[in-house]
Each structure stands twice: as structure tokens, then as C-alpha cells.
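Heads up: the structure comes next, in C-alpha cells.
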Amino acid sequence: MRRFSVTVALGAMLLPAATSAAADECPVAAAAKARAAQRVQTVAHKADRKDIVDTAVGAGSFKTLVAAVQAAGLVDTLKGAGPFTVFAPTDEAFAKLPAGTVESLLKPENKDKLVAVLTYHVVPGKVMAADVVKLTEAKTVQGSSVKITAGQAGVMVDNAKVVKTDIETSNGVIHVIDAVILPPEKK
């Protein structure tokens, strides 16, 4: 019983001191603590984000794109550190291609062409929508540049309209497009 009363009495004496110390904290120290807490929260938020491939899988509207990325052997690349900007065509965008195009691209003998098409949709770095609209072109991982136009109708990447922007991932950003864009033919 005596031990309990001593602990309670000691706690009662220290509590006002701790409360007073927090109230008297230096504004500079308080600001530094707030910035540190924000950094920890930001890092934790980024750790919770999925990478480009897992985000595309989770969305459910990129099944054809994911299958193509797998067939091209690009999964590990797009799960890598990046950062990457992906102009991601939806399943509906792939459906607009002439009949048999997707099936043909997915054949092992057409892997090089498939890799070229897919890497034409990827720009090195994390380019958010606010930056995309300032560009007239962007060099892709494939090596050619996509043409970018911004106007009343929205943003176009080659012949594809950007329909959703700034889907942030742990290793970049996805902008959804309504058509598959094709690299220029090599001469």
C-alpha cells in the first residue's frame, strides 16, 4: 500500500512539470518537431503506396496492359525504383486497335515490337499533370518522343486523350489515356 501511494504522489508532482515544459516549448523546437512528424508521415504514406504494376493490377481497368507488360518481360523494370511516368491505355483503348493486333503483339516472336510499343508509353522521371501541360513533347524510354498538346479539349499525347491524371505510385505516376499510342516506324 505504501509503494502505491508513493508512486501516485510522485506522478502527481511530475505531471505539472511535464505539462508546463510542453507549454513552454521553444517555437523553433516545436516547428522542427512538426516538420519531422510531417516527414515521417510522408515516408509512411509513400511506403503504403503500390508501385506502377501493382497499382495497374489493382485498378482493374488495365488487364490488357498488365498482360502485355508481363509478355514483354517489363514487370521487374516497372516495379523498379524509377521514377517513371506511364501513359497507361485502358482495356477499352486496346479494344480500339484493329482486330488481332493485341494477340499478334503478345506472341513471343513479336516481343521486340511489343517492348517498343510499351516503352513508348513510358517517360523517365515523375512528370505530374501540372508539368505535362507545359511540354510540347517528351522523350520516351523507347527512344522516340511523344507529342504533347494542351488545349480546350484537354491534354493529348500523340493521338490519345489523357482522361485521368496524377495517379501517384511508389515509383512514379500514371496518367490514363484513351488510346494506344504507337512509336514511329523505323526507317
Proximal aspartates and glutamates to LYS79, defined as alpha-carbon separation beneath 18 angstrom and excluding residues fewer than eight positions away on the same chain: ASP48, ASP51, ASP54, ASP166, GLU168
Calculate the spin-label point distance for ASN159 paired with GLN70, positioning each point 7 Å from the Cα along the beta-carbon direction, and give it in nanometres. 2.9 nm
Packing-based ranking, highest mean first, of 97-109, 113-125, 73-85 given that Cβ atoms within 10 Å are counted: 113-125, 73-85, 97-109
Surrounding net charge for LEU65, when Lys and Arg each add one and Asp and Glu each subtract one, Cβ distance under 12 Å: -1
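Using a Förster distance of 41 Å, how high is the FRET efficiency between GLU103 and VAL133, based on the Cβ-Cβ distance and rounded to 0.05?
0.70
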What is the spin-label model distance, in nm, from ASP54 to GLU185 if the labels are put 7 Å beyond Cα along the C-beta direction? 4.2 nm
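State the extension gain, in nm to one decimal, for the chain segment bounded by LYS126 and ALA95, taking 0.36 nm per residue of separation less the distance between their alpha-carbons.
Stretched fully, the LYS126-ALA95 segment lengthens by 8.4 nm.
Just so you know, all these numbers are worked out from the coordinates, no wet-lab data involved. A quick note: this is a predicted structure, and the numbers were derived from the prediction, not measured. Don't worry about glycine lacking a Cβ; one is built from the backbone with ideal geometry, like all the others, and counts go over all protein chains shown.
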